[in-house]
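> Here's a structure for you.
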Amino acid sequence: MKSANKNLPERSRGLAKAPGIYYFDATMHSMFDRVKRALAGRLPLIETRATVRAREQRVEQLKRRARHRKRRVGNLKQRVRRFDHRVGKLEAELERLKPARAESIVWIFGSGRSGTSWLANMVSEALEAPLWFEPRLGDVFHAKIPKNKGWLPGVRRFVLEGARHRFGKPQRLVIKETSGCIGAPILSEALPWSRLVVIVRDPRDVVASWLDAKRKEGWSTRKGGQKYEGDPDWLAILLAKRYQVNVENALAAFESHRGPKALLFYEELRNNTTETLARALLDLGLEVSSERVEAVATQHAFERVPAEEKGPGKFRRKAQPGTWREDLTPKQLAAIEEITGPILGRFYQ
């Protein structure tokens with residue numbers, strides 16, 4: 001080994017003596033050069049792979065972020081849905097608590113035994129609307145209450161809140177208010193944009209029909225109505241007075257009403273049901289097809305009522321104008337014509 005070291009340069013010999021430092025011959029240097037060249041040739045591939053790996057890691061990182069954000073979005077959507085559900089429930093409750101609209105109401109005013117039930121049922125069916133049958137609101141707010149505009153908002157709330165509690169908020173609501181007809185002027189004034197129908201019938205036929213109903217075997221007595229076993233002539237006077245009060249108030253409401261309104265006569269409705277009903281709905285601003293009006297009129301025709309459900313003592317008796325000539329005594333007729341003279345003179349000359 002000493003002879004071999006002699007052939008090395010002095011610098012190499014001196015450095016070789018330093019521990020831990022090695023020197024390689026040309027063969028080793030050549031091998032390292034080849035490795036360097038090989039690595040240099042593969043460097044683009046290595047760099048490409050490193051870039052791809054970095055990008056894959058970045059993509060994976062972005063995916064994790066996306067999944068995290070997606071979960072957050074999902075949670076937020078659930079919260080929004082719960083919030084929307086709560087808002088919907090609150091809106092529905094608020095809507096439920098709001099009163100019905102005055103424009104949705106269709107009043108039917110007139111004396112009993114004037115075809116009010118018949119008319120109300122046809123209007124209700126034609127409009128596909130619920131029917132509030134005889135709520136007697138007019139008995140509460142009747143014409144004898146002192147005229148005071150301060151009453152009107154309370155009357156309006158009373159009617160609309162009562163309608164809402166009973167029927168919700170239908171698009172249309174038909175109210176047959178015969179027994180409470182005395183309050184028609186106040187009800188009309190409190191709800192000026194409601195729709196109003198007044199039907200009038202010859203008072204002599206009305207009283208004759210009531211006299212039949214009040215007999216011992218009449219439908220009103222059997223139904224539990226007020227019994228009357230006194231003088232029928234005196235009963236005719238009472239019935240005529242009631243007719244006069246009811247119809248006077250109904251006509252007063254009609255004349256002062258600011259909203260859509262229609263005035264009908266039982267005799268016309270009986271003679272030509274389809275045309276008269278269609279005209280009334282048109283006057284009220286309610287659009288109903290002629291086919292539907294005709295179908296409703298046909299369905300509710302008196303002729304379709306079974307024979308065992310009509311006749312003397314039944315709710316549907318004759319449905320024939322002018323039969324008072326057969327039903328009333330001369331004394332009854334004279335009293336009725338004296339009491340109801342203004343209406344007879346105006347409509348039944």
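The values are calculated or read from the model by the stated rules, or taken from the named source; none is laboratory data. What you see is a predicted model, and the numbers here were worked out from it, not measured in a lab. Backbone-built Cβ (ideal geometry, glycine too); neighbour counts: all protein chains shown.
> Can you run down the residue pairs with Cβ atoms below 7 Å, 6 or more apart or on separate chains, where the first is in the stretch 199-224 and in contact (Cβ under 8 Å) with a residue 40 or more places away in the chain and the partner is among the aliphatic types (A, V, I, L, M) and assigned to a loop (DSSP other than H, G, I, E, B)?
Correct list of pairs: Arg204/Leu328; Ala208/Leu328.
> Of Glu161, Glu255, which residue is of a type in the set (D, E, K, R), farther than 24 Å from Gly313 by Cα, surrounded by fewer than 18 Cβ atoms within 10 Å (Cβ to Cβ) and modelled with pLDDT of 95 or more?
Selected residue: Glu255, the only one of Glu161, Glu255 that is of a type in the set (D, E, K, R), farther than 24 Å from Gly313 by Cα, surrounded by fewer than 18 Cβ atoms within 10 Å (Cβ to Cβ) and modelled with pLDDT of 95 or more.
Listed here are the residues, each with its yes/no results for (1) buried (at least 17 other Cβ atoms within 10 Å of the Cβ); (2) over 21 Å from Glu103 (Cβ atoms); (3) touching a residue at least 40 places away in the same chain (Cβ under 8 Å).
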residue	(1), (2), (3)
Ala129	yes, no, yes
Val140	no, yes, yes
Phe167	no, no, yes
Glu177	yes, no, yes
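> Only one residue in Glu229, Glu255 is without any contact (Cβ under 8 Å) to a residue 60 or more places away in the chain, assigned to a loop (DSSP other than H, G, I, E, B) and in the same structural domain as Leu160 (by TED's automatic domain parsing). Which one?
Of Glu229, Glu255, the one residue that is without any contact (Cβ under 8 Å) to a residue 60 or more places away in the chain, assigned to a loop (DSSP other than H, G, I, E, B) and in the same structural domain as Leu160 (by TED's automatic domain parsing) is Glu229.
> Counting only residues that are exposed (fewer than 15 other Cβ atoms within 10 Å of the Cβ) and under 23 Å from Gly183 (Cβ atoms), how many does the stretch 258-306 have?
Counting residues in the stretch 258-306 that are exposed (fewer than 15 other Cβ atoms within 10 Å of the Cβ) and under 23 Å from Gly183 (Cβ atoms) gives 1.
> So for the stretch 243-250 (the condition being without any contact (Cβ under 8 Å) to a residue 40 or more places away in the chain and assigned to a helix (DSSP H, G or I)), does at least one residue qualify?
No, because not a single residue in the stretch 243-250 is without any contact (Cβ under 8 Å) to a residue 40 or more places away in the chain and assigned to a helix (DSSP H, G or I).
> Only one of Ser209, Ser194, Ser179 is in the same structural domain as Val245 (by TED's automatic domain parsing), within 18 Å of Leu286 (Cβ to Cβ) and of a type in the set (Ser, Thr, Tyr); which?
Only one candidate passes the filter, namely Ser194.
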